[in-house]
Amino acid sequence: VDGGSKAVDDRKSVLRKWELFKVVCRAFFIQNLWSFERMQAYGFLYCLLPVIKRLYTDREGRASACRRHLEAFNTHPYLASFILGVSIAREESHARGDEPDVSQVPSVKSSMMGPIAGVGDNLFWVSLRPFLALLGVSVVLLNWDAPQYGLLGPMVFLALYNLLHLYVRWVCMVGGYRGDIKVVERLRSLNHLRIVRALRVTSYLLVGAVAALKVGTVGAGGRGLPKAALAFALMVSIAAASRIKATPAKMMALVSLLCLAGGYLGWVASF
Amino acid sequence: MLKEALMGSLVGGALALDTEAAFQFMISRPLVCGPVIGLLLGDVGTGLAIGAILELLNSGNLLVGGRTPPDASLATAVATSIVLMDKSYLGSDAKNSLLGLSIIYSFYMGILAGRLEHLFKTKVNVWFLRRARSYAEDGRLSELARLNWEGLGLRYFKNFSLAFVSALVGFYPIRAVVSLMPPWSEGLWRSLYLILPFVGLGSALKAFGMDRLFWFLPVGFTATLFLGSLGRMDIATTIILASAAGLSALLLLRFTFGLTFPPGGRRQQGGG
């Protein structure tokens, strides 16, 4: 064993459930102290500190393990649990003496972080969170004058999102520790083209329906049609402006100025 | 008044940590942060309305790679605190003007807070990292662990102070503008607040991209208007919300139990 460290004992599993539980809890802080120099490096090391403390009893062994896990690292914070699990298994194996050479651990981490970040970013940041937030906001907008029902919006959002989020964190940690690559395959299956399409189609329908419900009824003889058309045009213009790299700050300034001018000319919208 | 600003900033600063530094349970999202601060300051409805609008306006901002988006949770905390620091306006016609101005002010303040967070990542956290490297060289594990809490504390202090100062700085000018508004501008700001949800919905579309699926937007819009004209708005609402909730449940089932939809769907992979 390098660095003068020694294996703690000869049992198959050196780590206790307590250390693994501590890593799961610490994984909630993996993005803390994120820096442009080494990104999540400190957060990753912080998660592994209980494991390093248990596995290595001498100063040099601990320093060597800390150096290994303070290399530049960046991936999706939820799915990082999988790489944490893999790293724990490698360190444990090293401490037992089964795997004398752990110098390749940083490169194993580097090789996994890119693909895992791709799966996590697409699934959580690009698809699930905007979709569930939109669902929550829709409940609020549809109950604009009845906040007691509108409160269901944030509750539904938090419940659905965190059910999957916490489950994924736990399954990834256990899967990584046991070397079960099927976990990542299952997550990848959630990025199935059909599912992403279904999410997007539902989101468009939801935005369209919520906008129409905010406009209200068109009324007899289509009196409310200009108002509905104006609201729809505004929404599509804002969406289209983002394609020509108009920032939200600029768009907000433009809308405020238009309202200022419109108000001065006596136009008052009554949505 | 100072008490409301203090309470809003203390809680807002803590919730904002969830954005990146800790947990990421999404309690930092404006949709959640708004009603929590509203509840604390005595008006859930106002917090909910502010949160929903700022959620839409910020839904296209993703924390991916090295990007640091505007701080939407601090913006929500500031807007809700400003509106609820003096509740005398809430029952008056000036309420919408106050809400509109506060949301716009806090939206830009959120961009500023994002810039500050970026500075934290380039300077302050790099300083913490250097300390971590020196502790790592000596294998000092307890000092390494302590850095996490020091960093968290410093970031909380930054969030709290920024929210508190922004709420106080924004409160007086916004009240003055609302009080001194000429009659013609009242209609203007009322309009602005009422059209902000549409601006937000337009911004939210950015998160889903604009391709040929975009045509489902007018389909949803016109179908709902049509059902509304028949006096069946309730049906439209139920269909849309039920299909969205059903899709969410399907995703959960698919991951948890490995269910495919439609059965044998794996064969059709790439077919869309």
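Odds and ends about this structure:
- With semi-axes defined as the square roots of five times the eigenvalues of the C-alpha gyration tensor, the equivalent ellipsoid of segment A:111-199 measures 31, 14, 9 Å, largest first.
- Taking every residue in B:56-65 and counting other chain Cβ atoms within 10 Å of its Cβ, the average works out to 5.
- Here the Debye sum runs over all C-alpha atoms of the protein assembly as shown as equal scatterers in vacuum, and log10 of I(q)/I(0) at q = 0.06, 0.07, 0.11 Å⁻¹ comes out as -0.33, -0.44, -0.98.
- Magnitude of the charge dipole, the protein assembly as shown, Cβ model with Lys/Arg +1 and Asp/Glu -1, debye to 20: 760 debye
- Paired Rg and Dmax values of segment B:111-157, which use every Cα atom, in angstrom: 12.2, 40
- Given charges at Cβ of Lys, Arg, Asp, Glu: chain B dipole, positive-most of B:F221, B:L141, B:N96: B:L141
- Residue-by-residue Karplus 3J(HN,Hα) for segment B:143-160, coefficients 6.51, -1.76, 1.60, Hz, glycine and proline x: 5, 4, 5, 5, 4, 4, 6, 4, x, 5, x, 5, 5, 5, 4, 4, 4, 4
- Cα centroid separation - segment B:88-132 against segment A:104-129, whole Å: 29 Å
- Ordered from longest to shortest, the equivalent ellipsoid semi-axes for segment B:13-149 are 36, 15, 12 Å, each the square root of 5 times a Cα gyration tensor eigenvalue.
- Over all pairs of different C-alpha atoms in chain A, the reciprocal of the mean inverse distance, the Kirkwood hydrodynamic radius, equals 22.3 Å.
- Within a Gaussian network of chain B (alpha carbon springs, distance under 10 Å), most fluctuating of B:F214, B:F198, B:F160: B:F214
- Fraction of the pair-distance distribution of segment A:223-262 above 17 Å, Cα-Cα pairs, percent: 38 percent
- Think of each Lys and Arg Cβ as +1 and each Asp and Glu Cβ as -1; about the Cα centre, that makes the dipole of chain B roughly 660 debye.
- Kirkwood Rh (inverse of mean 1/r, distinct Cα pairs), segment A:104-155, angstrom: 13.3 Å
- Set the Cα radius of gyration of segment A:55-111 against 2.2 N^0.38 Å, with N its number of residues, and you get 1.12.
- Percent breakdown of C-alpha pair distances by 5 Å bin, ordered from the shortest bin, for segment A:22-172: 2, 9, 16, 18, 15, 12, 8, 7, 5, 4, 2, 1, 1, 0
- Mean silhouette area of chain B, derived from the convex hull of its C-alpha atoms and averaged over all directions, reads 20.3 nm².
- Each of B:V11, B:A113, B:I50 was scored by the projection of its Cα onto the charge dipole of chain B, and the greatest displacement toward the positive side belongs to B:A113; charges sit on the C-beta of Lys, Arg, Asp and Glu.
- The helix-only estimate of mean residue ellipticity at 222 nm for chain A, built from DSSP H runs of length n ≥ 4 each weighted as -39500 (n - 2.57), is -21500 deg cm²/dmol after division by the residue total.
- Residue mean of other protein chain beta carbons inside 10 Å, B:94-105: 1
- Residue-averaged 222 nm ellipticity for chain B, from DSSP H runs of 4+ at -39500 (n - 2.57), nearest 500: -25000 deg cm²/dmol
- Candidates A:Y149, A:Y177, A:L134 compared by Cα position along the dipole of segment A:128-194: farthest toward the positive end lies A:Y177, with charges placed on Cβ.
- Net charge dipole size for chain A [Lys, Arg +1 and Asp, Glu -1 on Cβ; Debye, nearest 20]: 480 debye
- In terms of surrounding Cβ atoms within a 10 Å radius of their Cβ, A:E60, B:E117 rank from fewest to most as A:E60, B:E117.
- Averaged over the residues of B:136-148, the number of partner chain Cβ atoms lying within 10 Å of the residue Cβ comes to 6.
- Burial ranking of peptide ranges B:78-89, B:34-45 (average Cβ count within 10 Å, highest at the top): B:78-89, B:34-45
Any read-out appearing in this document is the output of simple, stated calculations on the displayed coordinates, not a laboratory observation. No experiment lies behind these values; they were computed from the predicted model shown. Virtual Cβ from ideal backbone geometry, glycine too; neighbours counted across all protein chains shown.
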